[in-house]
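Undergrad: Below is one structure. I have some questions about it.
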Amino acid sequence: MNLTSSTLEALAQRLDDCAREARDTVKITDEWPQMDWDDAYAIQDAMRRRHLQRGARLVGYKAGLTSHAKMRQMGVDTPVFGYLVDTFSIEDGGACKAQTLIHPKVEPEIAFVTKAELNGPGCHIGSVLAATDFVIGGIEIIDSRYRDFKFDLKSVVADNTSAARFVIGGQPLAVNGIDLRTIGIVMEKNGRPVSFGAGAAVLGHPAAAVAQLANHLGARGESIPAGSLILSGGITEAVAVEAGDNVTLRVQGMGSTSVRFI
Ligand code: OOG
Ligand code: MG
C-alpha cells in the first residue's frame, strides 16, 4: 500500500459522489501515480462500505475485461473484479434514467447465480459449474466515473470496474448438458443487432471468469456466498447508449432481457 487511509477514504468519497451526481473526474493515477493494486482494491472496498452504510445490500460480484474484445477496446490485458449491490439492479424490461449516468455503455453478459459457496484459491471451472444454480442473460450498464471513459487498470479497479446498473432476465438455464462456450448472443439496440458473440469469448469459458473471481476474493480473505449473482464479463465491446435507446439481449436457449433508456 502506498496511499494513506485518509487518502483512500477521500478518493472513495470522490468516486462515490461522482457516481451519485453523474459527473466525471480525472483518473486517480493522474494525481496518485504510486497507487498500487492493494490501494486500488482498498478504495473499491471503501466505496462498497459507503453503499452498505446507506442501506444497500451486496447481491454479488462482477468480472470485467474478461474478453479480448473488451481488453482491446480499453487497452488493457487482465481481468478486474468488482461488487454488485441491489441498488444497481433494474427489472427486466425496465427503465434506466440516462441523466443519472455520465456516459453509459451496455455489455452483453452471461450471469451466474450460485447455490453453494465458492472459495479460492484453487477454484476452477468444475467447482464453478458444480456451485451454479442457473445461468441467465444479463445486460451490464457500465459508466466509468473517469473523463472520456479513459483509465488504466488500477484506476478502474478503484472505480468498482465502472459498475453502474444491470438487468438480468429471460429463461434461466441449469448448466448441466449445455456448453456455455458455444452459447450464442445477439444484442440489439433500437431493434438493430449491434453485437454478436459466443460464451467462449470470455476467457475461453464464462465459468473461468467466475473461478478467477473466486480466486481473487480468496486471496483477499473473501468468498462468493451461495445465492450470489455474478456477471462474468462483456462478451463483445461495450456499446454507448443515451435516452431514447432500447436494448435487448438474446441468449441462445435463454430467451431475452431488455432495458429502456429514458
Ligand atoms: C471496465 C468494466 C468492464 C466488462 O464486462 O468487461 C466490464 C470498463 O470497461 O469500463 O464490466
Ligand atoms: Mg461488464
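The values are calculated or read from the model by the stated rules, or taken from the named source; none is laboratory data. Given the structure is predicted, the values throughout are model-derived calculations rather than measurements. Don't worry about glycine lacking a Cβ; one is built from the backbone with ideal geometry, like all the others, and counts go over all protein chains shown. Heads up: the accessible areas ignore ligands, DNA and RNA and are worked out on the full protein's heavy atoms, side chains in. Shrake-Rupley method; radii C 1.70, N 1.55, O 1.52, S 1.80 Å.
Undergrad: Please go through the stretch 216-247 and pick out each residue that is part of a loop (DSSP other than H, G, I, E, B), away from ligand 1 (no atom under 16 Å from the Cβ) and of a type outside the set (A, V, I, L, M, F, W, C). Working first, answer last.
TA: Keep residues of the stretch 216-247 that are part of a loop (DSSP other than H, G, I, E, B), which gives 220-223, 225-228, 232-238, 241-245.
Checking the rest, the ones that are also away from ligand 1 (no atom under 16 Å from the Cβ) come to 220-223, 225-228, 242-245.
The answer is Arg220, Gly221, Glu222, Ser223, Pro225, Gly227, Ser228, Glu242, Gly244, Asp245.
Undergrad: Give the number of residues within the stretch 42-65 that are closer than 17 Å to Tyr146 by Cβ and either away from ligand 2 (no atom under 16 Å from the Cβ) or of a type in the set (D, E, K, R) (or both). Talk me through it step by step, then tell me what you get.
TA: Of the stretch 42-65, the ones closer than 17 Å to Tyr146 by Cβ are 43-44, 47, 64-65.
Okay, now just the ones that are also either away from ligand 2 (no atom under 16 Å from the Cβ) or of a type in the set (D, E, K, R) (or both), so 43, 47.
Count: 2.
Yes or no, residue by residue, for (1) assigned to a helix (DSSP H, G or I); (2) open to solvent by 20 Å² or more (accessible area, probe 1.4 Å); (3) among the polar types (S, T, N, Q):
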site: Ser6; (1), (2), (3): yes, yes, yes
site: Glu9; (1), (2), (3): yes, yes, no
site: Arg14; (1), (2), (3): yes, yes, no
site: Asp39; (1), (2), (3): yes, no, no
site: Arg50; (1), (2), (3): yes, yes, no
site: Gly60; (1), (2), (3): no, no, no
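Undergrad: Sticking with this structure for a sec: If I ask for residues that are closer than 19 Å to Pro104 by Cβ and either free of Cβ contacts under 8 Å to residues at least 24 places away in the same chain or not charged (D, E, K, R) (or both), which ones from the stretch 160-190 would you list?
TA: Here is the first cut: in the stretch 160-190, the residues closer than 19 Å to Pro104 by Cβ are 160-169, 187-190.
If the condition is that a residue be closer than 19 Å to Pro104 by Cβ and either free of Cβ contacts under 8 Å to residues at least 24 places away in the same chain or not charged (D, E, K, R) (or both), then Asn160, Thr161, Ser162, Ala163, Ala164, Phe166, Val167, Ile168, Gly169, Met187, Asn190 are the ones that fit.
Undergrad: While we're here: Please give the number of the condition Phe112 fails out of (1) within 16 Å of ligand 2 (Cβ to nearest atom); (2) of a type in the set (Phe, Trp, Tyr); (3) under 15 Å from Ala163 (Cα atoms).
TA: With (1) within 16 Å of ligand 2 (Cβ to nearest atom); (2) of a type in the set (Phe, Trp, Tyr); (3) under 15 Å from Ala163 (Cα atoms) applied to Phe112, the lone miss is (3).
Undergrad: Within the stretch 248-262, restricting attention to residues that are closer than 20 Å to Ala198 by Cα and part of a loop (DSSP other than H, G, I, E, B), which residue is most open to solvent (accessible area, probe 1.4 Å)? Break it down stepwise before answering.
TA: Looking only at the stretch 248-262, we keep the residues that are closer than 20 Å to Ala198 by Cα, and these are 248-258.
Still in the list and also part of a loop (DSSP other than H, G, I, E, B): 252-255.
Details: Gln252: 106, Gly253: 56, Met254: 1, Gly255: 41 Å².
Looking at the filtered set, the residue picked out is Gln252.
Undergrad: Among the residues of the stretch 80-120, write down those that are within 11 Å of ligand 1 (Cβ to nearest atom) and β-branched (Val, Ile, Thr).
TA: Val80, Val106, Ile110
Undergrad: Farther than 25 Å from Gly120 by Cα, among the basic types (Lys, Arg) and open to solvent by 60 Å² or more (accessible area, probe 1.4 Å): does that describe Arg220?
TA: Details: farther than 25 Å from Gly120 by Cα: no; among the basic types (Lys, Arg): yes; open to solvent by 60 Å² or more (accessible area, probe 1.4 Å): yes.
No; evaluated as a whole, the condition is false for this residue.
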